[in-house]
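Heads up: the structure comes next, in structure tokens.
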Amino acid sequence: MAAHGAAPPPGLGEVRDAERRLRGRIHRTPLLTCAGLDRVAGRRLLFKCELLQKTGSFKIRGALNAVRSLVEESERTGRELPRAVVTHSSGNHGQALACAAQAEGIPAYIVVPRTAPQCKQDAIRAYGATVVPCDPTDKSRAETASTVVQETGGVLVHPNQEPAVIAGQGTIALEVLEQVREMQSPCQKPSPFLSAQAPHINAVVVPVGGGGMVAGIAVAIKALRPDVKVFAAEPSNVDDCYQSKVRGELTPNLHPRDTIADAVKTSIGPNTWPIIRDLVDDVLTVSEEEIKIRGALNAVRSLVEESERTGRELPRAVVTHSSGNHGQALACAAQAEGIPAYIVVPRTAPQCKQDAIRAYGATVVPCDPTDKSRAETASTVVQETGGVLVHPNQEPAVIAGQGTIALEVLEQAPHINAVVVPVGGGGMVAGIAVAIKALRPDVKVFAAEPSNVDDCYQSKVRGELTPNLHPRDTIADAVKTSIGPNTWPIIRDLVDDVLTVSEEEIKRATWLVWERMKLLIEPTAGVGLAAVLSEQFQAVPWDVQNVCIVLCGGNVDLRSLTWLTDLSGKAE
């Protein structure tokens with residue numbers, strides 16, 4: 001690859017070439033919205049979710065484009081592939097290059113600061129690369145990488161100054177512009193729930209460390225949509241990009257301070273600086289301090305459509321009982337339709353979920369943490385408000401709404417053999433089972449639940465509805481409720497089996513998703529993976545190779561994660 005600091009900047013043509021090389025090899029990550037954050041920001045926001053990209057970050061785009069460029073050059077010239085690829089990285093680019101090199105059968109050597117998170121070093125090794133430790137300074141990183149190149153005869157793929165890396169990161173901009181156009185499609189009916197259905201995108205905000213991502217994005221954006229502003233964002237503790245823009249010359253961090261955003265501690269360099277100087281509109285600095293909807297929506301929309309069809313008034317309120325997720329969903333759906341919402345919540349529910357319900361304008365009504373108290377309190381609220389009860393899992397419209405998950409899964413992964421779904425009240429697994437068995441009866445549907453609250457398992461074993469009369473505590477608080485009279489017949493007839501998992505298995509599965517997939521799921525969402533990793537699942541025939549696990553929620557109360565210290569380093 002070109003020597004660091006000696007290469008001309010990539011243009012739109014190079015970004016298009018990268019798009020071709022990456023097609024079918026990486027994920028097209030979603031462009032998501034959040035009405036709550038729109039209200040906080042006072043603007044419509046769209047989030048390009050590169051944390052869902054392969055290897056857990058955008059870095060795979062640049063690394064894979066660089067490696068594929070080497071492969072294409074070898075094929076074109078007849079020369080051998082390089083003996084190795086080498087880079088220095090605090091973790092993300094290292095993982096990406098290791099993954100890309102492994103796919104092409106090229107050895108990889110990753111120079112990593114000794115202070116880099118252990119999970120990132122472990123992930124690099126998991127892709128078959130060799131980790132070479134160095135001191136946590138730019139000088140040590142560069143010198144160590146240079147030594148490794150000399151010793152191995154490898155090729156240096158710089159994490160942010162290599163033009164092929166910059167071009168690869170620029171493909172993010174191509175996807176964003178394409179996804180915004182799709183939102184503008186006349187086939188897309190405007191919806192109060194999709195806050196980002198804006199007619200145009202006006203700006204892109206990109207975190208900046210070495211500058212490869214913001215440079216690549218700026219190249220593509222300014223070539224295709226010069227009216228769109230490009231902002232770089234960095235921690236004020238490592239503000240070399242800001243200082244460079246202010247002074248008009250490259251100003252590296254000679255003595256960077258600590259920042260929680262460890263992946264952007266590196267300075268911009270000679271190949272990214274000219275692009276940032278000319279194409280990035282401004283640099284924003286920030287301090288360290290600054291740094292379940294389907295079923296509820298379907299139920300509320302059903303009420304609205306009934307009102308429109310019959311001419312009757314909308315209900316005075318909607319009422320439900322929930323440990324948090326359905327409550328948030330109903331509050332959000334009701335707020336969008338201008339209907340008051342009252343959510344009965346156990347006093348033991350995570351505070352973050354209660355706060356989120358209130359943020360959607362709903363009234364939280366506390367109750368004791370029992371099914372009996374939840375139902376009785378909700379009934380009282382219905383009588384007092386004249387509202388309509390939207391049961392969290394027994395309401396048919398809620399079950400049908402959750403069933404749309406199955407329609408999406410079959411569209412996105414038509415070759416699946418099984419679906420594994422966490423079960424509490426059973427609305428989600430019932431809805432999914434109805435759709436799956438109608439469209440693909442060959443696909444197995446498994447329910448998964450904590451062994452501490454195993455009413456679904458007991459019901460299947462006994463052949464009759466067997467609620468949890470005295471449920472034990474579980475870290476998966478969202479599935480402490482029992483299945484009910486509307487979900488039980490569906491589960492009995494359409495769900496193939498129920499898998500139970502221990503608290504320890506749930507914790508380990510949740511940890512694995514956090515660490516390897518970079519998704520902040522709640523423990524309830526970890527129940528499905530725990531089931532697939534369990535000994536029970538080993539009895540499933542081995543021809544069931546393509547398994548869809550529903551990660552059902554991400555409402556995490558960070559203050560409650562005291563169990564983390566017990567698992568550190570153990571989720572291998």
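Summary table
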{"item": "Test: I106 is part of a loop (DSSP other than H, G, I, E, B), modelled with pLDDT of 95 or more and of a type outside the set (S, T, Y)", "result": "yes"}
{"item": "The range 484-501: number of residues that are out of contact with any strand residue (DSSP E or B) (no Cβ under 7 Å at 6 or more places or on another chain), polar (S, T, N, Q) and either buried (at least 21 other Cβ atoms within 10 Å of the Cβ) or modelled with pLDDT of 95 or more (or both)", "result": "1"}
{"item": "Residues within the range 83-96 that are buried (at least 24 other Cβ atoms within 10 Å of the Cβ) and either assigned to a strand (DSSP E or B) or more than 21 Å from the chain's Cα centre (by Cα) (or both), tallied", "result": "5"}
{"item": "Residue among S482, S502, S459 that is within 30 Å of the chain's Cα centre (by Cα), small (G, A, S) and closer than 26 Å to V390 by Cα", "result": "S482"}
{"item": "Considering residues of the range 508-526 that are touching an Asp or Glu at 6+ places or on another chain (Cβ under 9 Å) and buried (at least 22 other Cβ atoms within 10 Å of the Cβ) only, the residue farthest from G553 (Cα to Cα)", "result": "T510"}
{"item": "Top-ranked residue in the range 213-239 [being in a strand (DSSP E or B) and among the aliphatic types (A, V, I, L, M); ranked as farthest from A167 (Cα to Cα)]", "result": "A233"}
{"item": "Residue within the range 38-48 that is modelled with pLDDT of 90 or more and surrounded by 14 or more Cβ atoms within 10 Å (Cβ to Cβ) present", "result": "yes"}
{"item": "Odd one out for I60 among (1) touching a Gly at 6+ places or on another chain (Cβ under 9 Å); (2) farther than 16 Å from V155 by Cβ; (3) not in a helix (DSSP H, G or I)", "result": "(3)"}
{"item": "Only one of A413, A435, A418 that is of a type in the set (G, A, S), on the phi < 0 side of the Ramachandran plot and surrounded by fewer than 19 Cβ atoms within 10 Å (Cβ to Cβ)", "result": "A413"}
{"item": "All positions within the range 438-451 that are buried (at least 19 other Cβ atoms within 10 Å of the Cβ) and not in a strand (DSSP E or B)", "result": "V443"}
{"item": "Members of the range 466-493 found to be under 22 Å from V344 (Cβ atoms) and acidic (D, E), listed by number", "result": "D473, D477"}
{"item": "Candidate set: the range 527-545, residues that are surrounded by 15 or more Cβ atoms within 10 Å (Cβ to Cβ), aliphatic (A, V, I, L, M) and more than 20 Å from N325 (Cβ to Cβ); chosen: the one farthest from the chain's Cα centre (by Cα)", "result": "V540"}
{"item": "Residue under evaluation W511, criteria (1) assigned to a strand (DSSP E or B); (2) closer than 30 Å to K120 by Cβ; (3) aromatic (F, W, Y), criterion not met", "result": "(1)"}
{"item": "Filter result (out of contact with any strand residue (DSSP E or B) (no Cβ under 7 Å at 6 or more places or on another chain) and not in a helix (DSSP H, G or I)) within the range 302-319", "result": "G311, R312, E313, L314, R316"}
{"item": "Considering residues of the range 372-397 that are modelled with pLDDT under 90 and out of contact with any strand residue (DSSP E or B) (no Cβ under 9 Å at 6 or more places or on another chain) only, the residue nearest to P467 (Cα to Cα)", "result": "K372"}
{"item": "Which listed residue, of V419, V409, V498, is within 14 Å of V550 (Cα to Cα), hydrophobic (A, V, I, L, M, F, W, C) and either outside any helix (DSSP H, G or I) or touching a Leu at 6+ places or on another chain (Cβ under 6 Å) (or both)", "result": "V419"}
{"item": "Test result for L70, farther than 26 Å from A126 by Cα, among the aliphatic types (A, V, I, L, M), surrounded by 15 or more Cβ atoms within 10 Å (Cβ to Cβ) and in contact with a strand residue (DSSP E or B) (Cβ under 9 Å, 6 or more places away or on another chain)", "result": "no"}
{"item": "Of all residues in the range 122-133 being crowded, with 21+ Cβ neighbours inside 10 Å and at pLDDT below 95, the one that is nearest to V149 (Cα to Cα)", "result": "I124"}
{"item": "Identity of the residue in the range 194-205, within 20 Å of the chain's Cα centre (by Cα) and surrounded by 17 or more Cβ atoms within 10 Å (Cβ to Cβ), that ends up modelled with the lowest pLDDT", "result": "A196"}
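The values are calculated or read from the model by the stated rules, or taken from the named source; none is laboratory data. These figures come from a predicted structure and were not determined experimentally. Note that each Cβ is placed from the backbone with ideal geometry, even for glycine, and that neighbours are counted across all protein chains shown.
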